[in-house]
Amino acid sequence: MAFTIAIDGPAAAGKGTISKAVSEHFGFGHLDTGLLYRAVGARMLDGAEPVSAAETLEVVDLERDDLRTVAVAQAASKVAVIAGVRAALVDFQRAFARRAGGAVMDGRDIGTVICPEAEVKLFVTASAEVRARRRFLELTAKGSVLTLDEVLADVRARDERDMTRAEAPLKPADDAILIDTSTLSIDDAVARAIAEVTARLG
Ligand code: C5P
């Protein structure tokens, strides 16, 4: 059975955590589509031309250990504005979304562009300050020396680029269910997402 759950939203809203928990709960596959853009961004930082990097992306590119850095995140949001980069990644994402056994797709444009027919669409968000604090704690735990203000500036710069681009801008689909995690615990946010999916699985 194919069943697609689209989970979109801005950086550090809790999409990744919710997506993993939902995919484990239902036994569905999980694709973090941000990793595709990060891998293209990382290859651009290495000197590759972004569209040809996207067209020739390989599994090893997705296994690099620098994909979670702030520099690669910024590069990802820069290559993500390029129509040719987005086009090169569409087929892979759509095929994964319709895999047998169900799929959780997390990204920015899953409910609007990649899978407008997804059975469930969630839009996970939170205030920029709350998201920056979460990302700051995550990065600090990994040894980063960035300040909270620097992380907030990074979150805002990526939001701006993701929401104002012409190609597949970040926005909720008309029929998306909004989950604001600003004041929700991780457990409550996950429970809410699982309840919404359960209601639609029937
Ligand atoms: O979700 P993550 O922070 O890993 O995404 C990195 C960047 O990739 C985002 O800021 C966004 O510019 C881009 N992206 C996108 N479409 C997606 C997933 C990510 O444009 N479906």
Cα-Cα P(r), the range 4-201, percent of pairs per 10 Å interval: 9, 36, 39, 15, 1
Mean residue ellipticity (222 nm) of the chain, computed from DSSP H runs ≥ 4 via -39,500 (n - 2.57), nearest 500: -16000 deg cm²/dmol
Dimensionless Rg/Rh of the range 151-202 - Kirkwood Rh, Rg from C-alpha atoms: 1.08
Gaussian network model of the chain, Cα within-10 Å springs - most flexible of Ala126, Ala157, Ala42: Ala157
Heavy atoms of Arg165 accessible to a 1.4 Å probe, total area in Å² rounded to 10: 20
Rounded to the nearest 10 Å², the accessible area of Val190 at probe 1.4 Å: 20
Rg and Dmax of the range 1-49, Cα atoms only, in Å: 13.7, 41
27 Å Cα-Cα reach of Lys171 towards lysines, excluding residues that sit fewer than 8 places from it in its own chain: Lys15, Lys20, Lys78, Lys121
For Ser182, residues with placed amide H under 5 Å, excluding near neighbours: Ser127
Fraction of accessible area attributable to carbon and sulfur, the chain (%, probe 1.4 Å): 56
Separation of alpha-carbon centers, the range 18-83 and the range 86-105, rounded to whole Å: 14
Highest to lowest packing among 62-68, 132-138, scored as the average C-beta count within 10 Å: 132-138, 62-68
Most mobile of Ala95, Ala13, Ala168 in a GNM of the chain (Cα contacts under 10 Å): Ala95
Value of Rg/Rh across the range 1-108 [Cα atoms, Kirkwood radius]: 0.97
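The values are calculated or read from the model by the stated rules, or taken from the named source; none is laboratory data. Note that the coordinates shown come from a computational prediction; the quantities given were computed from them, not determined experimentally. Because the Cβ atoms are built from the backbone with ideal geometry, glycine has one as well, and the counts that use them run over all protein chains shown. Note: accessible area is taken over every heavy atom of the protein model, side chains too, but ligands, DNA and RNA are not part of it. Shrake-Rupley method; radii C 1.70, N 1.55, O 1.52, S 1.80 Å.
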